[in-house]
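**Student:** Quick one: this structure, given as structure tokens, is what I'll be asking you about.
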Amino acid sequence: MVPPQWSRVLMVCAGAVLTVTLTACSGFGGDEASTKDPRGTGASAPSGADRVSLVQKLGQDGPLRSLNVEPDGRWTCDDCAGDGVTSTGTLDPEQVTRLHGLLADPRLAQETDQVRQYRATCIDALTSSLLTSVGLITTQDCPGEERPPVAYEILLLLTQATPAEPTA
């Protein structure tokens, strides 16, 4: 039997994974990965690997906040400020370039929950889950929590450029 505090953590994580999967999964991979720039410059257009989603939840009773970022830097954030409002915007070109570089970093694949065998350890902490083309990467804002370096850089970039929050 799972202790009550763990069942709440598992429910939060399962909810975050389900939300991210339903809202963003269809945008990853697919035919876009091999498309050429429509402007005819010969450069490759951003691929599905350049998409990222962030889902955050503060504790077990906090609102579920979700941020989806497209390869071109356009983003939509649902309830990111905790006010029930959907915000939209665009990352600046430097931020888009930085995000694409971080998402292409080969170290990111070693930071997934599956590789790290991640288990949530805190209750009532801000839980942030990034969905990338390499997999789900979860962190919690609590003392002693491991911060995967590449994923944390992505989290900081996204939270500095949008209404999403890096910490509780």
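The values are calculated or read from the model by the stated rules, or taken from the named source; none is laboratory data. All values reported here derive from a predicted model rather than from experimental measurement. Here the Cβ positions follow ideal geometry from the backbone for every residue, glycine too, while neighbour counts run over all protein chains shown. These area figures cover heavy atoms from the full protein model, side chains too; ligands, DNA and RNA do not enter into them. Shrake-Rupley method; radii C 1.70, N 1.55, O 1.52, S 1.80 Å.
**Student:** Return a yes/no flag: does the range 86-95 have any residue that is at pLDDT 90 or above, touching a Leu at 6+ places or on another chain (Cβ under 7 Å) and over 15 Å from Glu165 (Cα atoms).
**Tutor:** Scanning the range 86-95 turns up at least one residue that is at pLDDT 90 or above, touching a Leu at 6+ places or on another chain (Cβ under 7 Å) and over 15 Å from Glu165 (Cα atoms).
**Student:** Looking at the range 45-100, which of its residues are open to solvent by 50 Å² or more (accessible area, probe 1.4 Å), touching a residue at least 24 places away in the same chain (Cβ under 8 Å) and either part of a strand (DSSP E or B) or farther than 20 Å from Leu156 by Cβ (or both)?
**Tutor:** Matches in the range 45-100: Pro46, Leu58, Gln60, Leu64, Asp72.
**Student:** With (1) within 17 Å of Ser53 (Cα to Cα); (2) open to solvent by less than 40 Å² (accessible area, probe 1.4 Å); (3) among the small types (Gly, Ala, Ser) as the list, and Ala120 as the residue in question, which single condition is left unmet?
**Tutor:** Of (1) within 17 Å of Ser53 (Cα to Cα); (2) open to solvent by less than 40 Å² (accessible area, probe 1.4 Å); (3) among the small types (Gly, Ala, Ser), only one is false for Ala120: (1).
**Student:** Let me ask another. Search the range 128-143 for residues that are under 13 Å from Leu54 (Cα atoms) and polar (S, T, N, Q) and pair each with any residue that is open to solvent by 30 Å² or more (accessible area, probe 1.4 Å) and part of a strand (DSSP E or B) when their beta-carbon atoms are under 7 Å apart and the residues are at least 6 apart or on different chains.
**Tutor:** From residues that are under 13 Å from Leu54 (Cα atoms) and polar (S, T, N, Q), the pairs are Ser129/Leu136.
**Student:** Out of Glu153, Glu146, report the one residue that is open to solvent by 30 Å² or more (accessible area, probe 1.4 Å) and modelled with pLDDT of 95 or more.
**Tutor:** Glu153
**Student:** How many residues, within the range 103-134, are of a type in the set (A, V, I, L, M, F, W, C) and within 19 Å of Glu165 (Cβ to Cβ)?
**Tutor:** Qualifying residue count, the range 103-134: 7.
**Student:** Can I ask one more? Take the conditions on the phi < 0 side of the Ramachandran plot, over 11 Å from the mean Cα position of the chain (by Cα) and open to solvent by less than 50 Å² (accessible area, probe 1.4 Å) and apply them to Thr162. Does it pass?
**Tutor:** So Thr162 fits the description; yes.
**Student:** Within the range 101-115, how many residues turn out to be within 15 Å of Asp50 (Cα to Cα), outside any loop (DSSP other than H, G, I, E, B) and open to solvent by less than 50 Å² (accessible area, probe 1.4 Å)?
**Tutor:** Residues flagged as within 15 Å of Asp50 (Cα to Cα), outside any loop (DSSP other than H, G, I, E, B) and open to solvent by less than 50 Å² (accessible area, probe 1.4 Å) within the range 101-115 amount to 5.
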